[in-house]
Every structure is written in structure tokens, then in C-alpha cells.
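Everything on this sheet refers to the single structure shown next.
Quick note: the coordinates plus some simple rules give every number you see, no bench work behind them. All values reported here derive from a predicted model rather than from experimental measurement. Note that we place each Cβ from the backbone using ideal geometry, even for glycine, and neighbour counts take in every protein chain shown.
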Amino acid sequence: MDRSPVVSSLTTMNLRHRRVFVRADLNVPLHGNNLLDDYRLQKILPTINAIQKQRGYIILATHLGRPRPGDTEPSTKHLIPWFEHQGYHVIFETDLSRAAERSHDITTSSTILLLENMRLFAGEQSGDTTFAQQLRACADIYVNDAFGVLHRHDTSVTLLAQLFEPHKRTIGLLVEQELAALNRLLSNPPQPFMLILGGGKIADKIPLIEHMLKQINTLFLCPAPVFTFLKALGKPVGKSLVDEQQLEQCLTILRKAQDHNVTVIVPCDYLVAHRTYTGTLTYASAEHFPHEGIGISIGAQTLYHITPYIQHAGTIFYNGAMGMLERPDTLHGMKQVLELMTQTQALTVLGGGSSAAVAQRYGMVNGFDHVSTGGGAMLAYLSGSKLPGLEALGINK
């Protein structure tokens with residue numbers, strides 16, 4: 001499962017007075033026009049600062065949310081105050097023809113030409129070569145630092161990169177850091193290895209589990225993925241999230257885990273919302289799971305049970321949040337698990353946008369060896385899949 005290092009050429013390129021197109025993943029949570037979490041913005045700064053130090057001119061592009069055709073929101077203009085607070089002068093442009101013209105007018109490296117939300121352009125997700133050519137006209141150098149979308153085929157991630165000569169395109173410093181951290185999980189990580197899975201869609205996580213069964217010693221299944229496994233075993237799950245299409249696959253994974261001597265842990269008690277996700281919260285044992293209950297997080301007995309496993313682990317990889325960001329009273333269990341992880345000597349990696357947001361909320365980001373900015377891309381990489389964004393750069397990983 002070993003993967004060789006991937007290194008950015010950013011610091012060795014000649015960027016002086018060159019227009020540098022930076023494809024970033026600044027898909028941050030917004031409430032109206034207000035920024036709720038700036039973790040992904042913070043993580044792009046090393047790349048921006050490296051370009052600035054070499055007197056390069058930055059053309060910054062990102063997607064934001066999942067707008068429908070014809071939408072004008074969410075707009076990247078809402079990111080302008082944050083960058084200006086960091087000391088940058090921002091030029092905002094919604095028209096790509098004007099953006100290409102204005103890119104030649106940049107005279108200081110402290111200026112950022114910020115393009116409108118890539119997904120507000122029809123060509124971004126349709127594989128439009130004309131759209132790619134419009135973006136190509138804005139820059140001399142291409143840098144992909146959008147780790148969170150490397151698994152996607154978006155035009156600015158794949159087609160655009162291929163329009164630049166090999167020596168004029170590279171990954172950014174964030175992508176380099178992300179791949180290095182994930183490679184540590186794949187290349188003889190300290191043992192024993194504990195994999196903790198929360199979040200929502202179990203289908204996205206099954207390839208990861210299957211690929212890592214030979215690596216891990218312990219698999220702790222949390223809400224909501226655990227409920228598909230429990231349903232497959234005939235256990236009570238109330239109205240909890242279950243993927244009926246994955247029941248047989250979950251049974252197969254449990255059999256394979258037994259074959260590989262992997263200890264599979266499921267909660268013995270839960271935090272439960274009654275009838276709806278906004279319903280009254282109570283705790284319930286696994287044996288007496290309420291018929292109208294929706295499992296949200298774990299209870300105190302489960303935390304007590306898993307504590308020794310966390311304390312004695314050599315590596316811990318946690319993916320997927322437990323609880324709901326909009327309901328802080330559901331995050332207590334996850335907070336306690338994260339606190340235990342930060343107190344160990346283990347190699348600790350936390351992945352997934354919601355997981356990072358919880359760690360950020362409680363000021364624990366610096367307590368982990370690595371907190372990933374990507375969810376789907378991270379899962380794809382750790383599952384052994386090739387990432388289109390890397391292949392477009394000539395990196396066959």
C-alpha cells in the first residue's frame with residue numbers, strides 16, 4: 001500500500017512577474033454572507049505566500065457550494081473581506097474575458113485577482129474545452145492546491161491543467177502536505193492501528209474499509225455508518241440512517257474483518273433524537289433502541305469502552321463527524337473522542353470537512369498530527385483510487 005512522495009515544484013519555479021492560476025478549495029461554510037469557518041482559507045495561505053514571495057501574480061479560483069443552474073449565489077465575493085483582513089488587495093471578477101485582460105494589469109504580488117465561483121459557470125462541470133481555454137488565458141502558470149476536489153473531473157481541475165506545459169504546472173503546498181500525511185497511513189504506520197468512522201453515507205466509506213482491513217487492528221463504527229451494519233445483523237436501529245443497498249456488503253466486510261483478526265467495535269449506547277433530527281435528545285442502550293429514535297452520537301458507556309483502545313493505539317485515523325454542527329448539544333460525544341486522541345502519543349489524522357469543523361470549533365486542530373481539508377478526495381486516495389486532478393498534472397497516483 002506504499003505510495004511514493006509527491007512534491008510541489010512551486011518553490012523552484014520562476015514565478016517572477018508571472019500570472020499564477022491557483023485552483024483552491026475554499027468551499028467554506030457560509031450563513032448568508034457570513035463566514036462560519038475559515039480553516040480551508042488558512043490552509044491555502046502558505047501557497048499564496050510562497051507565490052507572493054517570488055513576486056508572482058495570483059489569479060485565485062475556487063468552487064463554493066453546489067449552486068443550481070442560473071443561480072448567482074454563493075458568490076466568492078463573500079471571501080473578499082477575509083483576504084483583505086490578511087493584508088491582500090483583492091480584485092473581484094465575474095467575467096472571464098475581463099479577467100484575462102485584468103490579469104495583465106496586476107503590478108504587485110500583494111494583489112489577488114479573485115474569480116467568481118467556478119460552479120456558477122456552466123462549463124466547470126460539463127467538461128467544456130472553451131471554458132478551459134478562457135481560464136487558460138488568465139495565467140502563465142497553473143497550481144492545483146484544491147485537495148478536496150482532486151477526485152473530481154471539474155474543468156478547472158483536469159482540462160485546464162492539461163493546457164499548461166508540464167514545467168508550468170504543479171501541485172501546491174497544501175496538496176503536498178495532504179498527500180504526505182495520508183501516505184504515512186499507508187506506509188507502515190505505527191501499530192496498533194485504529195480506524196474510527198462516523199459521518200453519513202456508508203457507501204462512500206466501504207471502499208476505504210475494504211482497502212485498509214489489512215492495515216488496521218481495530219475498526220470502531222460510529223453513527224451513522226454503524227446502523228447499516230447493525231441492520232444487516234438484524235439489530236434494532238429505530239429510524240436511524242441506513243443504506244439498504246449496502247446491507248450485504250456490510251456483512252461481507254464483517255466476515256473479512258474476522259478473517260484479518262480486526263476487532264470491530266459498535267456502540268453499546270447512543271445519543272438519540274426522537275422522531276426527527278431536531279427532536280428531543282435522550283440516551284438509550286443498544287439493546288433498547290427506541291422504535292422512533294434516530295441515532296446521533298455515542299453515550300458514556302461506549303466512550304468508557306473505547307478509551308483503552310484509543311490510549312494504546314499507535315495510529316488513529318478518524319473520518320466523519322458524529323452529531324450535527326447546527327446542534328452543538330449533539331457534539332459532546334465526538335468532542336470527547338477527539339480530546340482522547342489529542343492526549344495520546346499516537347499518529348493522529350482527522351479527515352472530512354465536518355470533522356475538521358468540529359475540531360476547529362473546539363480549538364483542537366493543533367492537537368492532531370494532520371487535519372485534512374478534504375473528505376471525498378481523502379477517502380478515494382486511501383481507498384487506492386487514482387485522482388483525476390493528479391493525473392491531469394502527470395502524477396499517476
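Overall size of region 191-345 from C-alpha positions, given as principal axis extents largest first: 40, 37, 25 Å. On full extension, the segment bounded by residue 326 and residue 82 gains 85.6 nm, given 0.36 nm per residue less the C-alpha separation. What is the sum of charges around residue 328, taking Lys and Arg as +1, Asp and Glu as -1, for the other residues whose C-beta is under 15 Å from the C-beta of residue 328? Once positives and negatives cancel, what remains is 0. The phi-based Karplus calculation (6.51 cos²θ - 1.76 cosθ + 1.60; θ = phi - 60°) puts the 3J(HN,Hα) values of region 295-302 at x, 10, 8, 9, x, 5, 5, 5 Hz, whole numbers, x for Gly and Pro. Computed 3J(HN,Hα) for region 44-56, one whole-Hz value per residue from the Karplus formula 6.51 cos²θ - 1.76 cosθ + 1.60 where θ = phi - 60°, is 8, 4, x, 5, 4, 5, 5, 5, 4, 4, 8, 6, x, glycine and proline marked x. When shorter helices are ignored and each DSSP H run of at least 4 residues is given -39500 (n - 2.57), the per-residue value for the chain at 222 nm works out to -9000 deg cm²/dmol.
Legend: ranking of residues 91, 141 from fewest to most surrounding C-beta atoms inside 10 Å; resulting order 91, 141.
Its Kirkwood hydrodynamic radius, worked out from the mean inverse distance over all distinct Cα pairs, puts the chain at 22.2 Å.
Placing a pseudo-label 7 Å from each Cα along the Cα-to-Cβ vector at residue 68 and residue 111 gives an inter-label distance of 3.9 nm.
For the chain, averaging the sequence separation of C-alpha pairs within contact (under 8 Å, six or more residues apart) and dividing by the residue count gives a relative contact order of 16 percent. Note on the chain: dipole from Cβ charges, positive end direction compared against 21, 54, 211; the farthest Cα belongs to 54. Placing a pseudo-label 7 Å from each Cα along the Cα-to-Cβ vector at residue 214 and residue 261 gives an inter-label distance of 1.6 nm. Each other residue within a Cβ distance under 10 Å of residue 102 adds +1 if Lys or Arg and -1 if Asp or Glu, for a net charge of -3. With neighbour counts taken as other beta-carbon atoms within 10 Å, the residues 18, 98 rank, fewest first, as 98, 18.
Just checking the listed ones, 243, 38, 71: in the Gaussian network model of the chain with Cα springs under 10 Å, the one fluctuating most is 71. Annotation: amide H of residue 275 within the under-5 Å range of 293, 294, sequence separation 5 or more or interchain, hydrogens built in the peptide plane.
Between the alpha-carbon centres of region 308-352 and region 18-77 there is a gap of 28 Å.
Look at the alpha carbon pairs under 8 Å that are at least 6 residues apart: their mean separation over the length of region 39-114 gives a relative contact order of 41 percent. Approximating the spin labels as points 7 Å out from Cα along Cα→Cβ, the residue 300-to-residue 278 distance works out to 3.0 nm.
Listed by chain and number, the lysines whose alpha-carbon sits under 19 Å from that of residue 214, ignoring those within fewer than 8 places in the same chain, are 205, 256.
For residue 316, the amide hydrogen comes within under 5 Å of the amide hydrogens of 194, 347, 348, 349, counting only partners 5 or more places away or on other chains and with H modelled in the peptide plane.
Fewest neighbouring Cβ atoms within 10 Å first, the residues 211, 31 line up as 31, 211. The mean of 1/r over all distinct Cα pairs in region 43-159, once inverted, gives the Kirkwood hydrodynamic radius of 14.7 Å.
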